[in-house]
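Chemist: Next up is a structure, given as structure tokens.
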Amino acid sequence: SRREKQTDISHTQIVTGNKMSDRTMRRQVLLFISVLSLSSVLGQVSYSIPEEMAKGSLVGNIAHDLGLAVKRLKSGKARIYTGDSAEYIELNKERGVLLVKERIDREALCGQTTPCALHLQITLEDPIEFYTVTVEISDINDNAPSFKKDEMKFRISESAVVGAKFVLERAMDLDVGVNGLQTYTLKPTENFHLKLQSQQDGSRKVEMVLKKHLDREAEAHLSLTLTATDGGDPQLSGTMRIDISVLDANDNAPIFTQEVYKTSIMETAPKGTILSTVSATDVDQGSNGKVSYSLTNTLDDVPIMFEIDEDHGVVKLTGNLDYEKAQHIEIYVQASDDGGLTDSCKIIVEVIDTNDNHPSINIMSKTNAISENSKPGTVVTIINVQDPDSAENGKITCNINEHIPFMMKTTSKNFFSLVTDSDLDREKASEYNITVTCSDEGVPSLSSSVTLTLQISDVNDNAPVFERSSYEAYIVENNTPGLSIFTVKARDADWNQNARVSYILEDSSVNGVPVSSFVSVSADSGVIHAVRSFDYEQIKDFQFRVKAQDGGSPPLSNNVSVKILIQDQNDNAPQVLYPVQTGGSLVAEMVPRSAEVGYLVTKVVAIDVDSGQNAWLSYKLQKATDRALFEVGLQNGEIRTIRQVTDKDAVKQRLTVVVEDNGQPSRSATVSVNVAVADSFPEVLSEFTDFIQDKEYNNNLTFYLVLALAVVSFLFITCLVVIISVKIYRWRQSRIMYQSNLPVIPYYPPRYSDTLGTGTLPHVYNYEVCRTIDSRKSDCKFGRAGSQNVLIMEENWRM
Ligand SMILES: *[C@@H]1O[C@H](CO)[C@@H](O)[C@H](O)[C@H]1NC(C)=O
Ligand SMILES: *[C@@H]1O[C@H](CO)[C@@H](O)[C@H](O)[C@H]1NC(C)=O
């Protein structure tokens, strides 16, 4: 290129020479002439003119320069010969100058050849002269560089490497030299620069070199302008558009719009519920920009629980959520384009708890029974309640059924204790069914319950209580010993051993005799047995206390008073007190012959130690010497006359009076009453002599003595009867025994052992009840040999 420049410089000198002064030019012309004169050519002259001069422009004063007169040109018929080339130059013979005849285009004439010259011959005749004229055509910058095409199109991948070359079309400039194409510029220069390379033929190769990566995503189309400039003055230039379409390369990964997506879902959400839609964009084109989504969780069960729509990034629930297993789930989503570039994001799923768990009740420790004397606050059961739900849904409260003496206490979180709330009483409620209901505070609330059965164990806090505050029982006298009189019964509200009542005869005495010799109490049945046969005539009633004692420890007891009333039996015949029956003695009542009708002869006085009906006596005349003379008062036993006594009536009258009580069967006694019907004692005496001989009874006393005594005794007996009556009345009122001289033989049944002195029979002892029709007879039937004593005793014990 340096050489080129030098060439240009010499060329410029030539151009510059064109503008030299006429003198310098002339000197040159002279030099040429001198050279040409050596040959047939007489002269040679050269001119230099720029191209594109106007027609008629002066090229040179040829006549002058050849040293010829203008007339010679005319006379010599000077002609210009241009050869093959067109006639660009004409000779003006009048003026002797060369003029431009046609427009001269250097480029048309010479193309790229330099220097470009027109060779002319001027011939003259007379004499023939031959001159050579060279007109050098110098270039002017009349052509701009130009490109064949307005536009070049390239399709360049954005992945093209830096340094990649793209050959551009060259520009053409018809001008030569300095006016020819000088340089190229490419704009903008951001991505490419130009590289010009000279080639062997002198032309230059124009290349566009990538100096910075293309980015389709930033600029999909580039438009560059290549400008070719020449070196003329003024400079001319030509341009070409370079249109670059940047082809996509998969140089962009998909990018999620968010790195983390947050969403929440109810744990009861049905399958198919849409959780979230993720979205990633890929700025690449076509398949390079087509994003597909996938889940990348591998270890947990997220791939089973969720699915993602490959094309649209919609994440759906496909499984069942359980807040209790996982409160937060992280789903990893990957977006990838077809080129394999990826991005990932995370969906944080917050599972919202719903109240889907019932509280579960676990009994930690449990008492099946507590004592009824447990203090309030005694812990019965500790339970633990679990509810895996959260917050309110897992907040537990426990309650128990109402109206029971228990309450729930919160011990610590999730622990509850069931404690007694007040005093317990097994006798009121021996068992409680305690239903513990635990519920959470969710809406709606869920609950579960357990029922605990709690036994209240007994404490001996109740004494036995007799059914009655006191007992009264009757027993008919002459009973069989061992006869059960009646039963006392006490109840104990406690349970089992604490309620096992034993009956104990309280030690006491009746008229100085231990009560245990009268009665015994069967310890476990409370049956009161007569220990011996009672005699109403000796004892009418007695009282004792029976204690009921339970089997608790310590035992509790209670006592009751029992009164046994002995009932009378008609076991005593009436006894005649008057007239006194003395063996052999004779007693007679005197009846004067003058006695009126209804004369009270005497009164039969009898008593019966029995009582009531059994002692209600009636008197009847059984036998009489003269039945028509006497009668006996049925009630009072008075013997009266019923007719006038006559002289015919025998002195000696004999009456037999039967005294009968009203018992069933009744008992009776007979008494003989002698009556003397006489006016004087000797009369009586004479009569009674044989009367005495005739006597039935073996009397030792004389009738007279008896008679005297009878009169006295009558009054005495009457008094005595009154006193006895009063006393009997009093005895009935009082409960003390009748003072008797009769011996009281204590009776002990077989196997009886009065170790405690209470008269209580051992439990094993079994009485055979003996019933007799008549207490005197002993026709009882005894099944046991050991009971035979009863009979014997009965036989021995007689009043
Ligand atoms: C407790 O429950 C049991 C069984 O259901 C029942 O037999 C019993 O009578 C109940 N007890 C009470 C005091 O309700
Ligand atoms: C019998 O019971 C009464 C109260 O009911 C009591 O005062 C008395 O001491 C008891 N007697 C005996 C011997 O236990």
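Chemist: Evaluate region 185-200: report whether one residue or more is surrounded by 13 or more Cβ atoms within 10 Å (Cβ to Cβ), in contact (Cβ under 8 Å) with a residue 40 or more places away in the chain and touching a helix residue (DSSP H, G or I) at 6+ places or on another chain (Cβ under 7 Å).
Modeler: no
Chemist: Kindly list the number of the only condition in (1) open to solvent by less than 40 Å² (accessible area, probe 1.4 Å); (2) over 31 Å from the mean Cα position of the chain (by Cα) that fails for Gln285.
Modeler: Every condition holds for Gln285 apart from (1).
Chemist: A further question on this structure: Tell me, please, whether a residue that is of a type in the set (S, T, N, Q), within 16 Å of ligand 2 (Cβ to nearest atom) and open to solvent by less than 20 Å² (accessible area, probe 1.4 Å) can be found in region 510-518.
Modeler: Yes.
Chemist: On to the next question. With region 533-630 as the region, which strands (runs of 3 or more DSSP E) entirely inside it contain at least 3 residues that are touching a residue at least 24 places away in the same chain (Cβ under 8 Å), outside the structural domain of Pro481 (by TED's automatic domain parsing) and open to solvent by less than 20 Å² (accessible area, probe 1.4 Å)? Talk me through it step by step, then tell me what you get.
Modeler: Values: elements: 541-549, 557-567, 575-578, 588-591, 600-603, 605-607, 618-624.
Ranges flagged: none.
Chemist: Tell me the residue from Ala493, Ala499 that is among the aliphatic types (A, V, I, L, M), away from ligand 2 (no atom under 16 Å from the Cβ), open to solvent by 40 Å² or more (accessible area, probe 1.4 Å) and more than 30 Å from Lys540 (Cα to Cα), please. Show your work before the answer.
Modeler: Details: Ala499 fails: open to solvent by 40 Å² or more (accessible area, probe 1.4 Å).
Checking each option against the conditions leaves just Ala493.
Chemist: Right, something else. Does any residue of region 448-466 turn out to be within 16 Å of ligand 1 (Cβ to nearest atom), outside the structural domain of Ile539 (by TED's automatic domain parsing), hydrophobic (A, V, I, L, M, F, W, C) and open to solvent by 30 Å² or more (accessible area, probe 1.4 Å)?
Modeler: yes
Chemist: List pairs: first residue in region 431-443 and under 10 Å from Pro359 (Cα atoms), second residue acidic (Asp, Glu) and not in a loop (DSSP other than H, G, I, E, B) anywhere in the structure, Cβ distance under 8 angstrom, at least six positions apart or on different chains.
Modeler: Filtered contacts from region 431-443: Asp440/Glu392.
Chemist: So Pro376 ticks every box in (1) open to solvent by less than 20 Å² (accessible area, probe 1.4 Å); (2) modelled with pLDDT of 90 or more but one. Which box is left unticked?
Modeler: (1)
Chemist: Which condition number does Tyr332 fail, the rest of (1) in contact with a Leu (Cβ under 9 Å, 6 or more places away or on another chain); (2) farther than 30 Å from Leu214 by Cβ; (3) part of a loop (DSSP other than H, G, I, E, B) being met?
Modeler: Answer for Tyr332: the failing condition is (3).
Chemist: Here is a further query. Can you tell which of Pro145, Pro50 is within 30 Å of Met240 (Cβ to Cβ), in contact with a Gly (Cβ under 6 Å, 6 or more places away or on another chain) and not assigned by TED's automatic domain parsing to the domain that holds Leu174?
Modeler: Just a single option satisfies the conditions, and that option is Pro145.
Chemist: Are any of the residues in region 562-570 under 30 Å from Val706 (Cβ atoms) and more than 16 Å from ligand 1 (Cβ to nearest atom)? Please lay out each step first, then the result.
Modeler: Going through region 562-570, the residues under 30 Å from Val706 (Cβ atoms) turn out to be none.
So far as region 562-570 goes, no, none of its residues is under 30 Å from Val706 (Cβ atoms) and more than 16 Å from ligand 1 (Cβ to nearest atom).
Chemist: So, one more: Hey, does region 406-422 have a residue that's away from ligand 1 (no atom under 16 Å from the Cβ), open to solvent by 30 Å² or more (accessible area, probe 1.4 Å) and β-branched (Val, Ile, Thr)?
Modeler: yes
Chemist: Further, regarding this structure: Mind checking whether some residue in region 333-343 is open to solvent by 30 Å² or more (accessible area, probe 1.4 Å) and under 30 Å from Phe415 (Cβ atoms)?
Modeler: no
Chemist: Return the only residue of Glu350, Glu310 being over 14 Å from Tyr261 (Cβ atoms), of a type in the set (D, E, K, R) and out of contact with any helix residue (DSSP H, G or I) (no Cβ under 9 Å at 6 or more places or on another chain).
Modeler: The unique qualifying residue is Glu310.
Chemist: May I ask you to verify whether Asp126 is surrounded by fewer than 17 Cβ atoms within 10 Å (Cβ to Cβ), out of contact with any strand residue (DSSP E or B) (no Cβ under 9 Å at 6 or more places or on another chain) and either in contact (Cβ under 8 Å) with a residue 40 or more places away in the chain or closer than 30 Å to Glu190 by Cα (or both)?
Modeler: Yes.
Chemist: If you take the residues in region 75-119 that are touching a Ser or Thr at 6+ places or on another chain (Cβ under 6 Å) and open to solvent by less than 80 Å² (accessible area, probe 1.4 Å), which one is farthest from Lys55 (Cα to Cα)?
Modeler: Ala117
Chemist: Criterion first (in contact with a helix residue (DSSP H, G or I) (Cβ under 6 Å, 6 or more places away or on another chain) and either open to solvent by 40 Å² or more (accessible area, probe 1.4 Å) or away from ligand 2 (no atom under 16 Å from the Cβ) (or both)) does Glu441 satisfy it?
Modeler: Answer is yes for this residue.
Chemist: If you don't mind, another one. Quick check: is even one residue across region 361-382 without any contact (Cβ under 8 Å) to a residue 12 or more places away in the chain, more than 23 Å from Ser264 (Cα to Cα) and assigned by TED's automatic domain parsing to the domain that holds Ser447?
Modeler: No - not one qualifying residue is present in region 361-382.
Chemist: Please return the ranges of strands (runs of 3 or more DSSP E) entirely within region 246-317 where 2 or more residues are in contact (Cβ under 8 Å) with a residue 40 or more places away in the chain and in the same structural domain as His328 (by TED's automatic domain parsing).
Modeler: Result: 260-266, 274-277, 292-295, 314-317.
Chemist: Just for region 469-483: of the residues that are among the polar types (S, T, N, Q) and open to solvent by 50 Å² or more (accessible area, probe 1.4 Å), which one is nearest to ligand 1 (Cβ to nearest atom)?
Modeler: Per the stated criteria, the residue is Ser469.
The values are calculated or read from the model by the stated rules, or taken from the named source; none is laboratory data. Quick caveat: nothing in here was measured; it's all calculated off a predicted structure. Reconstructed Cβ throughout: ideal geometry from the backbone, glycine too, with neighbour counts over all protein chains shown. We work out accessible area using only protein heavy atoms, side chains counted, and drop any ligands, DNA or RNA first. Shrake-Rupley method; radii C 1.70, N 1.55, O 1.52, S 1.80 Å.
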